[in-house]
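What follows is one structure encoded as structure tokens, with my remarks underneath.
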Amino acid sequence: MEPEPKRFRLVDPLRLRILMERTGSGCSISGRALAAAADVPHGTIDHLLSGTVKTQPAQVAYAISDTIGVDHPVLWAPVGRSVPAETDLPPHIAAAP
């Protein structure tokens, strides 16, 4: 059995922004409100949305997904051999055009 990944990479900042506009509850959430609910600095959400930060620890990735109300793989890919932390995503993981 493989250990749970320690970091996850945001698959697409635009997808996060779209899902913030209509969360699982049907409401929108601001970056500051998402940060507060996920217990992270609001700059973390800003940096994820701008693409300047690509990865987060598992705890943060799960908290963001749970707050928005989506399954974790909708937003995140585990960092490892097939998903590098700081390079372009492989075509099988990258967002569709």
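Table: residues versus (1) in a helix (DSSP H, G or I); (2) in contact with a strand residue (DSSP E or B) (Cβ under 6 Å, 6 or more places away or on another chain).
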{"site": "9", "(1), (2)": "no, yes"}
{"site": "14", "(1), (2)": "yes, no"}
{"site": "28", "(1), (2)": "no, no"}
{"site": "32", "(1), (2)": "yes, no"}
{"site": "36", "(1), (2)": "yes, no"}
{"site": "40", "(1), (2)": "no, no"}
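Working only within the stretch 33-51, note down all residues that are under 13 Å from the mean Cα position of the chain (by Cα) and free of Cβ contacts under 8 Å to residues at least 12 places away in the same chain.
If the condition is that a residue be under 13 Å from the mean Cα position of the chain (by Cα) and free of Cβ contacts under 8 Å to residues at least 12 places away in the same chain, then 35, 47 are the ones that fit.
Say we look at the stretch 33-42 and pick out the residues that are of a type in the set (A, V, I, L, M) and open to solvent by 30 Å² or more (accessible area, probe 1.4 Å); which of these is nearest to residue 70 (Cα to Cα)?
My answer is 37.
Rundown of residues vs (1) open to solvent by 40 Å² or more (accessible area, probe 1.4 Å); (2) at pLDDT 95 or above; (3) part of a helix (DSSP H, G or I), yes/no style:
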| position | (1), (2), (3) |
| --- | --- |
| 44 | no, yes, yes |
| 49 | no, yes, yes |
| 59 | yes, yes, yes |
| 66 | yes, yes, yes |
| 77 | no, no, no |
| 81 | yes, no, no |
| 85 | no, no, no |
| 88 | yes, no, no |
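Tally time: how many residues in the stretch 5-32 are out of contact with any His (no Cβ under 8 Å at 6 or more places or on another chain), free of Cβ contacts under 8 Å to residues at least 40 places away in the same chain and surrounded by 16 or more Cβ atoms within 10 Å (Cβ to Cβ)?
2
The values are calculated or read from the model by the stated rules, or taken from the named source; none is laboratory data. Please read all numbers here as calculations on a predicted model, not as lab measurements. Ideal geometry is used to build each Cβ from the backbone, glycine not excepted, and the neighbour counts take in all protein chains shown. Accessible surface is based on the protein model in full, side chains and every heavy atom, while ligands, DNA and RNA are left aside. Shrake-Rupley method; radii C 1.70, N 1.55, O 1.52, S 1.80 Å.
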